[in-house]
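Just below is one structure, and these are the notes that go with it.
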Amino acid sequence: MNILIIGGAGYIGSHVAREFLDQGHQVTVFDNLSSGLRRNLFPEARFIHGDILDYAGLLRAASGKSDAAAGNATGGKTGAPFDALVHLAAAKAAGESMVRPEKYSVNNISGTMNILNVAAETGIRNIVFSSSAAVYGEPQYLPIDEKHPTNPENYYGFTKLEIERFLHWYDKLKGIHFAALRYFNAAGYDVKGRLAGLEQNPANLIPIIMEAAVGIRKEVQVFGDDYDTPDGTCIRDYVHVSDLATGHAAALDYINRTGKSLSINLGSETGSSVLEVLETARKVSGRPIPAKTVGRRPGDPARLTASSGLAHELLGWKAKHSDMETLIKTSWDVYNKQ
Ligand SMILES: NC(=O)c1ccc[n+]([C@@H]2O[C@H](COP(=O)([O-])OP(=O)(O)OC[C@H]3O[C@@H](n4cnc5c(N)ncnc54)[C@H](O)[C@@H]3O)[C@@H](O)[C@H]2O)c1
């Protein structure tokens with residue numbers, strides 16, 4: 001297939017691009033490099049430097065009219081017509097979204113409306129969208145499956161849920177099939193060691209621990225150790241980016257083959273506490289990794305774990321690399337070399 005990957009220079013997007021290339025697809029990456037990196041691009045994929053907020057530029061890219069002569073496209077073969085697009089471009093810091101909602105309204109919601117309208121205009125009929133477990137909010141029961149009520153606790157999660165609703169309408173009105181992939185906590189690096197672009201301004205635990213291990217930051221802050229969990233720290237579901245990447249390929253295959261849309265969890269179905277993650281990181285890296293317990297953060301549930309039963313049933317997908325050792329080891333290999 002010929003696939004347009006929007007946000008493909010980012011942390012998850014570059015792994016997704018790698019997977020589609022590995023499977024023999026033709027890939028064009030479209031990215032404004034706001035948090036994506038040139039070193040995450042592959043020579044065999046075409047790259048278009050552009051912004052989803054620029055409707056005309058996005059339309060040119062999606063219809064295959066961006067070219068090297070225009071100065072914004074490099075590498076790979078020509079792009080159009082695209083059979084599918086993968087949309088990963090978004091602002092993603094839940095905490096920031098509560099103080100700067102405007103940024104999330106514009107980049108996540110207006111940007112996605114441009115993508116949907118361009119897809120409708122250019123005849124792209126399959127969209128894989130990076131949604132998030134943040135659509136669920138405070139867990140009512142565990143593990144969280146797709147029937148769990150959606151009640152986001154932060155504005156970031158709200159933008160993801162709204163986009164899923166727009167996707168339903170564009171499916172109904174424009175015949176665009178979609179897979180909204182509700183990732184839990186993405187972590188790790190390419191299991192074959194081919195990607196080394198550090199995640200920019202991370203707000204997630206594992207890259208923060210890695211930054212402390214290599215001395216980019218002084219210590220890791222542990223937000224609360226008095227939760228109702230065995231060691232008192234929060235438990236989360238960490239899913240390896242290489243697993244997320246195969247999940248995208250399986251989801252695209254499903255919607256393309258069946259013509260059915262879906263919203264689906266991608267998680268490891270395993271919970272790890274903050275202290276367990278820290279201990280594994282200390283063991284794997286051999287570094288002391290200082291940590292300090294501070295107060296709880298508002299809105300942090302004690303436990304969050306996924307059921308990925310539906311992904312298993314419909315897509316034949318299961319996390320294979322999401323054990324904590326592999327998550328940490330593939331991350332440490334990258335951070336230790338920088
Ligand atoms: N990292 C996680 O744990 C996680 C969990 C759930 C969902 N997600 C979602 O997955 C997606 C990818 O996340 P990531 O961790 O790879 O983040 P990232 O910041 O590394 O990737 C986002 C990419 O989109 C690009 N981008 C952003 N705004 C753009 C714009 N206006 N025009 C063109 N390109 C733009 C950035 O340059 C970057 O390359 C996001 O939609 C995020 O909300 C991430």
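Need one value: the accessible area of ARG217 in square angstrom, 1.4 angstrom probe, rounded to the nearest 10.
Accessible surface of ARG217 is approximately 80 Å².
Probe radius 1.4 Å, ligands and nucleic acids left out: which of LYS92, LYS147 has the largest accessible area, and how do the rest follow?
So the residues, ranked largest to smallest area, are LYS147, LYS92.
Rank VAL29, VAL191, VAL99 by mean-square fluctuation in a GNM of the chain with C-alpha springs under 10 angstrom and give only the top-ranked residue.
Comparing VAL29, VAL191, VAL99 in a Gaussian network model of the chain, the most mobile one is VAL99.
Can you compute the helix-only [θ] at 222 nm over the chain? Use -39500 (n - 2.57) per DSSP H run of at least 4 residues, normalise by all residues, nearest 500 deg cm²/dmol.
-10500 deg cm²/dmol
Compute the Kirkwood hydrodynamic radius of the chain, taking the inverse of the mean of 1/r over all pairs of distinct Cα atoms, and give it in Å to one decimal.
Computed over Cα pairs of the chain, the Kirkwood hydrodynamic radius comes out at 20.2 Å.
In degrees from 0 to 90, rounded to the nearest 10, what is the angle of the helix 241-258 Cα long axis to the longest principal axis of the chain?
Its long axis makes an angle of about 40 degrees.
Please list, ordered by chain and number, the residues whose modelled amide H lies under 5 Å from the amide H of VAL222; skip anything fewer than 5 residues away on the same chain.
Answer set, sorted by chain and number: LYS292, THR293, VAL294.
For a quick check of understanding: with a 1.4 angstrom probe and all protein chains in place, what accessible area in square angstrom does LEU53 have, to the nearest ten?
Counting only protein heavy atoms, the figure is 80 Å².
Taking every DSSP beta bridge with both residues inside the chain, roughly what % is antiparallel (nearest 5)?
The antiparallel proportion sits near 10 percent.
Give me the 1.4 Å probe accessible area per residue for segment 1-49, excluding ligands and nucleic acids, in Å².
Per-residue accessible area for segment 1-49 comes out at 34 Å².
Helix 155-174 versus the longest principal axis of the chain: what is the Cα-based angle in degrees, 0 to 90, to the nearest 10?
In the chain, helix 155-174 runs at an angle near 30 degrees to the longest axis.
In nm, give the distance between the simple-model label positions of ASN151 and ASN117, each being 7 Å from the Cα along the Cα-to-Cβ direction.
3.5 nm
On a 0 to 90° scale, report how tilted helix 111-122 is relative to the longest principal axis of the chain, with both axes built from alpha carbons and the result rounded to the nearest 10.
The helix 111-122 is inclined about 30 degrees to the chain.
As a test of reading the structure, rank ARG257, ARG287, ARG182 by solvent-accessible area (1.4 Å probe, protein chains only), most first.
ARG257, ARG287, ARG182
How far apart, in nm, are the 7 Å Cα→Cβ label points at ARG194 and HIS312?
For the pair ARG194/HIS312, the computed spacing is 2.9 nm.
Just to verify a number: FRET efficiency for ASP333 and ASP300, C-beta to C-beta distance, R0 = 22 Å, to 0.05?
0.15
Return the long-range amide H neighbours of PHE178 (sequence gap of 5 or more, or a different chain), with a cut-off of under 5 Å between placed amide H atoms.
Under 5 Å from the amide H of PHE178 lie the amide H atoms of ILE127, SER261, LEU262, each far enough along the sequence or on another chain.
Show THR28, THR305 ordered by accessible area, largest first, where the area counts protein heavy atoms only and the probe is 1.4 Å.
THR305, THR28
With each pseudo-label sitting 7 Å past Cα toward Cβ, what's the PHE166-THR258 distance in nm, one decimal?
So the label points at PHE166 and THR258 sit 2.5 nm apart.
What shape does segment 196-269 take by its C-alpha gyration tensor, where a ≥ b ≥ c are the square roots of the eigenvalues and a/c under 1.5 counts as rounded, a/b above b/c as prolate, and the rest as oblate?
oblate
Could you give the length gained by full extension between ASP83 and LEU33, i.e. 0.36 nm per residue of separation minus their alpha carbon distance, to one decimal place?
Result for the pair: 15.6 nm of gain on full extension.
With the full set of protein chains in place, find how many percent of the accessible area of the chain is carbon and sulfur; take the probe as 1.4 Å.
Carbon plus sulfur share of accessible area: 50 percent.
Give the distance, in whole Å, between the Cα centre of segment 35-58 and the Cα centre of segment 96-133.
After rounding, the separation between the Cα centres reads 16 Å.
Using 0.36 nm times the number of residues separating SER110 and GLN140, minus their current alpha carbon distance, what extension gain do you get?
7.7 nm
The values are calculated or read from the model by the stated rules, or taken from the named source; none is laboratory data. Computed from a predicted structure; not experimentally measured. When we count neighbours, we look across all protein chains shown, and the Cβ atoms used for this are built from the backbone with ideal geometry, even at glycine. Remember, those area values only see protein heavy atoms, side chains included, never the ligands or the DNA or RNA. Shrake-Rupley method; radii C 1.70, N 1.55, O 1.52, S 1.80 Å.
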